[in-house]
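Take a look at the structure below.
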Amino acid sequence: MAFFVADNIISPLGFKTADNFHALAKGYTGIDMINDTKIYPEAFPAAMINSNNLDDAFIELASKEKYTRLEKMLILSIKDALDKTKIDPTSARTGIVLSTTKGNIDLMASDRQNSFEKNRVLLWKLGEVISHYFGNPNQTMVLSNACISGVLAIQAAAMLIQVGKFDHMIVTGGDIVSRFVVSGFMSFLSLSPKACKPFDKDRDGLSLGEAASTIILSKDITGKDDIKFLGGASANDANHISGPSRTGEGSYIAIKKVLEEAGISPGQIDHISAHGTATPYNDEMESIAIDRHHLNEVPVNSLKGSFGHTLGTAGLVETAILLEEMRQNTLLKTTGFSELGVSRKINVISKTTNKELNTCLKMASGFGGSNAAMIIQKA
């Protein structure tokens, strides 16, 4: 068995999970108009971390080494999560999994190519930097599978604990808003000109965001607030390089597989944390997958209207918030949502309310037809 014992979120809404949760409960969003011609020639909406706040927080670690912006985010996140435990990161029985889609992609900019060694842009090197900082003797495992990376990283970590490979796993992830990323999504015509509106009838695209998040799993239960990993699954709908299956096939299969692995029925699910990118096809596809499993009445939310789409760390950020929702027995509203705009009648949360939460489902989807699902439950 693997238990969730600590977590952290570094985002525009705060540098601790509790700060982010309180901001969400108050209905705040980190999405704002960004005017930075180094990233994109025109203003665009995104949730970006204030670099001065990040540097000020990192100074407190008193490190003599030079680190990139993303590395600072990841190190701060891991440090805060570890501080809540007695886990020794230098132990061979502690593993690290890194989830990211682009890593230090900003180092490819012409004005930054000589600021660090050339291999610093490679994902394995980012993992090495992290393990070296914390003195971990193991090679950091890098998981990069589009926007389901975060959920897959948690699943991989839990399985490594369950088979006895490690006693504790540090799962960390991060991605930044960069010129490469913004230009790519602009080319797909998938960015909304305003803050995104998940599952809403007027949704017209996603908003990008940046964050780092860390979730620590352990074979040992530590207290009454611990939550356990019940199961995880993934499936590929093989539909299109970017567009999801119109029948929600991959997501449906992932949910079916995880329900079987966890040994529970759809009726036992208290809450669903959806991917909810606010693009026309993703939200429709998820609604179909939810409907096909007869989960229509289960409260569903998306956090993309608050954090933006944080890519490789989305699954970690959203799972950390889901864990806090369960601890607080609170359903957070979907920021940006007002009127249902998908073909299936699903129960999108429009107002933050209290509800006893024991068993929850996390969904994730990504380019290339990738889909993942995970079930967690109070211990």
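Since every read-out is calculated from the coordinates, none of them should be taken as a lab result. Please read these numbers as outputs of a predicted model, since none were measured by experiment. Because the Cβ atoms are built from the backbone with ideal geometry, glycine has one as well, and the counts that use them run over all protein chains shown.
Taking the DSSP beta bridges with both ends in the chain, the antiparallel portion is around 65 percent. Computing Rg and the Kirkwood Rh from the Cα coordinates of region 224-301 gives a ratio, Rg/Rh, of 0.98. In the chain, with Lys and Arg counted as +1 and Asp and Glu as -1 at Cβ, which of these residues, LEU123, LEU76, LEU316, has the Cα nearest the positive end of the dipole, that is, farthest along it? With unit charges placed on the Cβ atoms, the residue in question is LEU123. Normalised by residue count, region 262-321 yields a Cα convex hull volume of 99 Å³ per residue. A simple spin-label model places the labels of GLN113 and ASP220 5.0 nm from each other, with each point 7 Å out along Cα-to-Cβ.
The helix-only estimate of mean residue ellipticity at 222 nm for the chain, built from DSSP H runs of length n ≥ 4 each weighted as -39500 (n - 2.57), is -9000 deg cm²/dmol after division by the residue total. Measuring r between the beta carbons of ASN138 and HIS22 and using R0 = 30 Å, the FRET efficiency lands at 0.30. The order of the peptides 109-122, 74-87, 365-378, 249-262 by mean Cβ neighbours within 10 Å, most packed first, is 365-378, 249-262, 74-87, 109-122.
So if each residue of separation counts as 0.36 nm, and I subtract the Cα-Cα distance between ASP55 and ALA43, what length gain in nm does that give?
1.9 nm
Counting only residues at least eight positions apart within a chain, or on another chain, the aspartates and glutamates with an alpha carbon under 12 Å from that of LYS66 are ASP55, GLU117. Relative contact order for the chain using alpha-carbon pairs under 8 Å, separation at least 6, rounded to a whole percent? After rounding, I find 24 percent.
For region 300-376, the number of Lys pairs with C-alpha atoms closer than 16 Å, counting only pairs eight or more positions apart or on separate chains, is 6. List the relative contact order of region 3-218 as a percent without decimals, with contacts defined as Cα pairs under 8 Å and 6+ residues apart. Relative CO of region 3-218 lands at 31 percent.
For the residue pairs LYS125/LYS228; LYS165/LYS256; LYS201/LYS257; LYS38/LYS102; LYS16/LYS79, the alpha carbons lie more than 20 Å apart in LYS125/LYS228; LYS165/LYS256; LYS201/LYS257. Taking label points 7 Å from Cα along the Cα-to-Cβ direction, LYS201 and ASN296 give a separation of 1.8 nm.
Let's test the formula: R0 of 22 Å, r as the Cβ-Cβ distance of GLU356 and ASP83. What FRET efficiency results, to the nearest 0.05? E(calc), rounded to 0.05, equals 0.15. The label-point distance for ARG246 and LYS228, in a model that sets each label 7 Å from Cα toward Cβ, rounds to 4.3 nm. Taking N as the residue count of region 3-218, its C-alpha radius of gyration divided by 2.2 N^0.38 Å amounts to 1.03. Using only side-chain charges placed at the Cβ, +1 for Lys and Arg and -1 for Asp and Glu, the dipole size of the chain relative to its Cα centre rounds to 240 debye.
A DSSP coil position with no more than 11 other Cβ atoms inside 10 Å describes the following trypsin sites (Lys or Arg not before Pro) in region 192-241: LYS201, LYS224. Think of the chain as having a plus end and a minus end, set by charges on the Cβ of Lys, Arg, Asp and Glu; of SER178, SER234, SER343, SER234 sits farthest toward the positive end of this dipole.
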